[in-house]
Amino acid sequence: SQRAMLAASTRLLLPPMRPSTLTLLVIATMASPTCSLSLNTPAAHQQAMATARTLSRHRSVQLQVTVDIRTFLPVLPCIDSQAKGERVLQIDGGSPSDLLWFPDRSQLLFISDGAQYSWSAAEGLAPLAATAARVRSHAGVGAAQLVSLCESGLMRLDLDSGVTTDIAGGSSRARSLVGLGGGRLLTLEADNSDKWSVTLVQSGAADAVLLSGLPPLLGACVSADEDFLFISTESGVLRASVDLSTPRAAAPAPFFSPSSGAPGALATDTQGNVYVCTAEGVVVCDDSGDEALCVRTPSAPSAIGFGGSALAALFIGCGDAVWRITANVQGVSSVPSEELQKRINKQVGAGDFRHAGW
């Protein structure tokens with residue numbers, strides 16, 4: 001009777017409920033500030049400098065958040081079923097990828113059509129005029145240090161000073177980057193026969209190939225303790241045990257396969273959950289590869305990453321926009337926070353060990 005009343009009051013036809021699945025549908029409608037840039041002209045990069053400062057509009061937007069509970073959850077889910085999605089920016093004609101949050105700057109960086117952009121709640125959307133070359137991927141290696149993968153190789157940008165320098169390491173075959181702690185990087189590379197490999201790049205040491213002979217890689221991330229590497233392939237997500245101090249990696253094993261389509265970009269949180277971009281949205285798996293919930297998006301997501309205060313906001317690149325949803329967990333990021341480290345050092349120096357578990 002409650003379902004009948006809900007259907008009548010909302011004029012929605014609800015499908016039959018499966019006994020093993022609880023489905024909650026939340027449609028959040030709000031007036032959200034939307035920044036927009038057009039990328040449809042050859043002079044888009046020059047025009048964007050002026051456009052980003054002036055173009056702003058408000059729209060009524062909708063984001064559907066559907067939670068399919070397929071396993072028993074003894075604790076609070078990583079994303080609440082009633083979480084409200086907010087569209088924070090839009091790139092007309094673009095497709096945001098490589099979402100990267102810098103906590104001390106409260107700034108989100110991403111790539112669209114080979115160009116880099118930044119967004120913050122205070123300053124809005126603006127192009128990151130660091131290089132005229134097309135950027136394939138980027139990763140954070142310091143509180144204000146950005147490494148970009150261009151066709152010519154790797155380039156480091158100091159976000160505070162704006163100074164760029166070429167850095168050694170990596171390969172011309174690299175297609176994507178994954179940031180690690182301590183300023184290290186993983187590069188995903190493809191050879192002429194389309195066999196892929198994963199290589200560790202670190203200062204003061206020779207590049208080390210961790211995995212090779214892989215099928216095309218569509219995404220990658222590491223666990224919070226950097227003991228596991230997750231990679232997306234057309235057949236599903238694989239997990240490999242890694243020892244970055246050696247460095248070496250075990251053969252990857254199947255971890256998760258979406259019900260339809262191939263997985264894409266990946267992310268993890270400090271609780272061991274893995275976030276997978278799929279055709280139906282962002283599927284969240286526990287550390288065993290079992291599905292916990294799915295965040296359904298207006299179209300198939302292309303990028304994902306954690307940011308915001310305490311890394312408790314999940315950013316999702318979807319179509320020509322980036323959405324933000326509040327999470328109940330802390331995400332994993334390679335970008336360190338100097339401000340947080342200063343607070344920890346101050347507490348330890350004063351003999352305050354209440355946060356020793358950090």
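Each value in this text was obtained by applying a stated rule to the coordinates, not by laboratory testing. On a predicted model such as this, the values are computed, not experimentally measured, just so you know. Glycine gets a Cβ as well: all are built from the backbone with ideal geometry, and neighbour counts include every protein chain shown.
Below, the figures for the structure above:
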| quantity | calculated |
| --- | --- |
| Projected label distance in nm at S152 and S309, using a 7 Å step from Cα toward the beta-carbon | 4.2 nm |
| Fraction of antiparallel bridges per DSSP, segment 69-350 only, in percent to nearest 5 | 100 percent |
| Potential lengthening between A279 and T246 on full extension [0.36 nm per residue; Cα-Cα distance subtracted] | 8.2 nm |
| Coordinate range along principal axes, alpha carbons of segment 69-350, Å, largest first | 51, 49, 45 |
